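Read through the structure below, which is laid out as structure tokens, and then see the notes.
The values are calculated or read from the model by the stated rules, or taken from the named source; none is laboratory data. Remember, predicted model here, so these are calculated numbers, not experimental data. With ideal geometry, Cβ positions are generated from the backbone for all residues, glycine too; neighbour counts draw on all protein chains shown.
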Amino acid sequence: MMRCLPIVLCCLLAQTTMAKGGNASQLCADRRQQQGTGAKTTVATPEENDYDIKHVKFDIALTNTSTDVSGNVTTTAKVVVPAMGIYAFELNDLLTVDSVKVDGQVLPVVSTGSVHRVSLVAPLVNGTGFTAQVFYHGQANAGNGQFFTGGLHPVTTVDGFKLMYSISDDLFADDWWPCKQSLTDKIDSVDMWVTVADTLKVGSNGLLMQTTTMPGNKLRYEWKTAYPIDYYLVSVAVAPYNEYSYYMHFTDGSNDSMLVQNYVYNTPGHFTPQAKAALDSTGLIIDHFSTLFGRYPFDKEKYGHCMSPLMGGMEHQTMTTLGTGGYSDVTLIAHELGHQWWGNNVTYASWRDIWMSEGFASYCEQLFVEQFRGAAATTAYRTGVFGSAMVGAGSVYVDDTTSVSRIFDGALTYKKGASVTHMLRYLAPQDSLFFRVLKTCQQQYARGLAVTADLQTIAEQVYGTDLDTFFNQWVYGEGYPTYGGKWYQDGNKVYLQITQTTSKPASVACFHMPLEVKLKSAAGDKIIKLYNNANSQTYTLEWDNAMTGFEIDPNNHVLNRSVFITKDATIVGIEDVVQSNISVSPNPAIDAWYIRHMPLNSYCRLTDMTGKVLWQGVGADSLAIPAADLPKGVYVLSVSINGSAVEYVKLLK
């Protein structure tokens, strides 16, 4: 599947996972890894890049008991190269191509595996529109009803309920329809006409425009979506469903409403009061996410679910295919709903950036918990996510897009992706600015494509600061920090020493992050924020309470582990650390420190003992650092030469 599909859980498995501290998105990721096979290359052949898809119309027949499919699919497209002489598309070679018409003319097809090429009578020039209608039939591999096992899945549930549903993520659309599997070519609109027995219902994207009675006790369901959609989000589900639908209302002052349409099993015991309550909550979550990210992006159509036996769910645009257990798991509903913004409306332009879908959707679980279950539940949920994220080995940014298991790595793409999203929020000068970043991203890249660099640019503009270090550490780099510390109090002077090691020092030797620190005392605690940018860093503070200890990152905002924190009087006498060829005078200073023998092009930064940056500049042979306006105390000059490790000079005023 492509980036999203998070989901997760069948009832029993979900209960087991939750007991172990898991959550919705983990199950989905784990299940995908277990079932993953060798990845295909997108696109399958270069000729597919010669055209841009504008519209796709399906006119196919399906059942709920097999993967039999027959009919035709018409693609309307525009040529985007100087001349296109071949129309190419993908369709599993288990299916038979009966004929292909290009602009109404039947043309011969040459097939090589799943790639089919049609030589045109004459090349079409750049900007020319055309239609290609593929007639086909056959029975594709049925898989096992889960991810990465085929595009169509016929399933009989334990109580005899039979259904068929599609899963095209990541590269399985060609298992059931003639397509172009390219992330970067969104289909502008889709008509999905599916003919089935009149005892069945068909769920799909967009709005059900009408049902048409067909010969032989058949019905044709005619769905339409007018929003751009990626190939892997096109879906169908066929079963003797019951419909449970209602209208939600936006609370943005517009008084607008929108259909929430659910297709549920018609058998006893499945649509329980708990399942109904979870589905009823969907409207509330749609409204809440709309306040955070901007209005639900497909509000002129609908949102809803088709019930299935998936071990999780798949965020098909406007109508998620949801596992049976997910109907009572509201965090899973929140995850798949979050994808409608993150992955569907704004789609990652590269598999390398899939965390912008799965990581953000996984963080939507926390945003749901935060709004509806409170702060304590949110912190506990995030703690579980952090724990799972630290199991992973690698970067959030996908380094091997040929591996399905790497793309959908549960620890990295889902859990660490969600962790990075939270830390980007934690880094915001004000919390509201984080959500301004999200809304801006949705507005700027609506119905289109974005990559990590685009997100970084927006965040830098909104936050008003450079975020290279953050993204290099947490998205492109590997690992996480482990913090330890020492403390001592002398009167109202408090000395804190924070040490840091990293799990992947070859990738990130030191994580530069603001850290909350809780000072503890019998008279009450106090939380302060320090900036940590060294593997060993000492801070001098003033606090009148009799200190009993301190805690690093008490609210668990930074992905990290911690080790023992001890009381140690030796940190009071902090030794000067001076590069051997650098001289400082006077020290202590009154008006300025004069630094001599500073290497050229060295980067210098003056901080106080809390880590606050007071001055920075590029070193020359002689350098004057102003001190007149600074209060008496201890300061640190950090020096980095040509990107080397930072060294420190203690300065006194």
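Only one of (1) surrounded by 15 or more Cβ atoms within 10 Å (Cβ to Cβ); (2) without any contact (Cβ under 8 Å) to a residue 60 or more places away in the chain fails for Gly216. Which number is that?
Tallying (1) surrounded by 15 or more Cβ atoms within 10 Å (Cβ to Cβ); (2) without any contact (Cβ under 8 Å) to a residue 60 or more places away in the chain, Gly216 fails exactly one: (1).
Given the criteria within 30 Å of Tyr445 (Cβ to Cβ), part of a helix (DSSP H, G or I), modelled with pLDDT under 95 and not hydroxyl-bearing (Ser, Thr, Tyr), does Gly283 qualify? Break it down into steps so the answer makes sense when it comes.
Numbers: within 30 Å of Tyr445 (Cβ to Cβ): yes; part of a helix (DSSP H, G or I): yes; modelled with pLDDT under 95: no; not hydroxyl-bearing (Ser, Thr, Tyr): yes.
So Gly283 fails the test.
Please determine whether any residue of segment 446-466 is buried (at least 18 other Cβ atoms within 10 Å of the Cβ) and touching a Gly at 6+ places or on another chain (Cβ under 6 Å).
The answer is no; no qualifying residue exists.
Go through segment 584-610 and give me each residue that's in contact with a Lys or Arg (Cβ under 9 Å, 6 or more places away or on another chain) and either acidic (Asp, Glu) or modelled with pLDDT under 80 (or both).
Thr610 - this is the single residue of segment 584-610 that is in contact with a Lys or Arg (Cβ under 9 Å, 6 or more places away or on another chain) and either acidic (Asp, Glu) or modelled with pLDDT under 80 (or both).
Identify the single condition in (1) of a type in the set (Gly, Ala, Ser); (2) more than 22 Å from Asp287 (Cβ to Cβ); (3) without any contact (Cβ under 8 Å) to a residue 40 or more places away in the chain; (4) assigned to a helix (DSSP H, G or I) that Ser419 does not satisfy, given that it satisfies every other one.
(3)
Just to verify a result, which residue in segment 123-156, among those that are closer than 26 Å to Asp50 by Cβ and of a type in the set (Phe, Trp, Tyr), is surrounded by the most Cβ atoms within 10 Å (Cβ to Cβ)? If you could, list the steps in order and put the result at the bottom.
Of the residues in segment 123-156, the ones closer than 26 Å to Asp50 by Cβ are 123-136, 151.
If we keep only those that are of a type in the set (Phe, Trp, Tyr) as well, we get 130, 135-136.
On the way: Phe130: 17, Phe135: 18, Tyr136: 22.
The qualifying residue surrounded by the most Cβ atoms within 10 Å (Cβ to Cβ) is Tyr136.
So, in segment 177-213, of the ones that are assigned to a loop (DSSP other than H, G, I, E, B) and among the charged types (D, E, K, R), which residue ends up surrounded by the fewest Cβ atoms within 10 Å (Cβ to Cβ)?
Asp198
Hey, Tyr327 hits all of (1) under 30 Å from Leu433 (Cα atoms); (2) out of contact with any Lys or Arg (no Cβ under 6 Å at 6 or more places or on another chain) but one; which does it fall short on?
Looking at each condition in turn, Tyr327 falls short on (1).
Can you pull out every residue in segment 150-164 that is of a type outside the set (Gly, Ala, Ser) and either within 15 Å of Thr324 (Cβ to Cβ) or out of contact with any His (no Cβ under 8 Å at 6 or more places or on another chain) (or both)? Before the answer, list the steps.
Pass one, segment 150-164, residues of a type outside the set (Gly, Ala, Ser): 152-159, 161-164.
Answer for segment 150-164, where residues must be of a type outside the set (Gly, Ala, Ser) and either within 15 Å of Thr324 (Cβ to Cβ) or out of contact with any His (no Cβ under 8 Å at 6 or more places or on another chain) (or both): Leu152, His153, Pro154, Val155, Thr156, Thr157, Val158, Asp159, Phe161, Lys162, Leu163.
Output yes when any residue across segment 538-558 is on the phi < 0 side of the Ramachandran plot, part of a strand (DSSP E or B) and under 27 Å from the mean Cα position of the chain (by Cα), and no when none is.
no
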